[in-house]
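The values are calculated or read from the model by the stated rules, or taken from the named source; none is laboratory data. Since the model is a prediction, treat every value here as computed from it, not as a measurement. Please note: Cβ atoms are built from the backbone with ideal geometry, for glycine as well, and neighbour counts cover all protein chains shown.
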Amino acid sequence: MNICIIGKNEDDNSWYLYEEFKKKDFSKVFLVDLPKLNVRISNKRIGVNYKTDLNWDIYVMRSGVEDFPFSYLVTDILEEESQVLPSSKAVLNCSDRGLLSKTFFDSKTIQPLTYISSSAGAAKRIAIKFKKFALKLEKHCGKGVAILEKPSGVSELLDVFSNLAQPFCIQRFIGGNIIKALVVGDEVIGIREYPKPGEEKSNVGKKEYMRLKEEIKSDLLKLANHLKASLFEVDLIEKNRRYFAIDVSLCPDLKMYANLSGKNIGAIFADYILRNYSSNQSSLNLKPHK
């Protein structure tokens, strides 16, 4: 099986996957710099080019929301002929907070009460319903999120951003344990985060490995199946023995999970691909084994 990783040269995690994949039983492993790709469209055909046309059995896409919609275009084209991980469906649904919230709903993944609106005015009218809430703008991965306690502060903030990022996502604030979960193939690895004193968000706080309950692992694997993704991160809030999903990243920090858990994430993912995808089928028909 020939496998191609599409990432960015400055992304250490793309190189990490590349080095671990080379140790496995793939026929060939190739790493492509996403910014150097182009899509060629003629009257007869459409294809993705990197010096020449890409033609591999399976692709692993490492792209963030800032790469959308180009990453979606590339994934959608490549999966006409080959298997792409994650799927174009996953790339699309993780590109927008509204689509992601609908994905949580469709997959029966628990999330806080959420409103999506396309205007600052509509968002203001929703915000006054909450004593405390998260205002989420377009970006994911902890960016573009403000925790507000009083509706009086909403008007000015939304006026500032009303012409910069839409739609708006207003979500009921739920306090509790902050957990990140990495889904990698058939495994789910948990990390507990601790915010700095006086802060609600935990992006730069202490992190430690934790064992997740089998129930939440099962729920996240169901989300993976619905999302059609096999390597992604879910942000969770644990409160009163319930786990609320608040975000998904298709471009997580794999080396962080490897360092904290002691598990070789790259090797786990490579083994999952080798177990579940067959190079004996035609590229168009590559499917996971049941």
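For this structure, a couple of remarks:
- When 125, 97 are checked against the criterion of being basic (Lys, Arg), more than 24 Å from residue 3 (Cβ to Cβ) and crowded, with 22+ Cβ neighbours inside 10 Å, 97 stands alone in meeting it.
- Residues located in the stretch 1-13, provided they are crowded, with 23+ Cβ neighbours inside 10 Å and assigned to a helix (DSSP H, G or I): none
- Checklist (1) farther than 26 Å from residue 19 by Cα; (2) part of a loop (DSSP other than H, G, I, E, B) applied to residue 39, failing item: (2)
- Residue in the stretch 236-264 that is surrounded by the fewest Cβ atoms within 10 Å (Cβ to Cβ), counting only those that are of a type in the set (D, E, K, R) and either more than 9 Å from the chain's Cα centre (by Cα) or under 13 Å from residue 192 (Cα atoms) (or both): 241
- Selection of the stretch 213-235 for residues being of a type outside the set (Gly, Ala, Ser) and over 13 Å from the mean Cα position of the chain (by Cα) yields 213, 214, 215, 216, 217, 219, 221, 222, 225, 226.
- Single condition residue 24 does not satisfy, out of (1) more than 24 Å from the chain's Cα centre (by Cα); (2) closer than 16 Å to residue 255 by Cβ; (3) not hydroxyl-bearing (Ser, Thr, Tyr): (2)
- The single condition among (1) modelled with pLDDT of 95 or more; (2) in contact with a strand residue (DSSP E or B) (Cβ under 6 Å, 6 or more places away or on another chain); (3) not in a loop (DSSP other than H, G, I, E, B) that residue 109 does not satisfy is (3).
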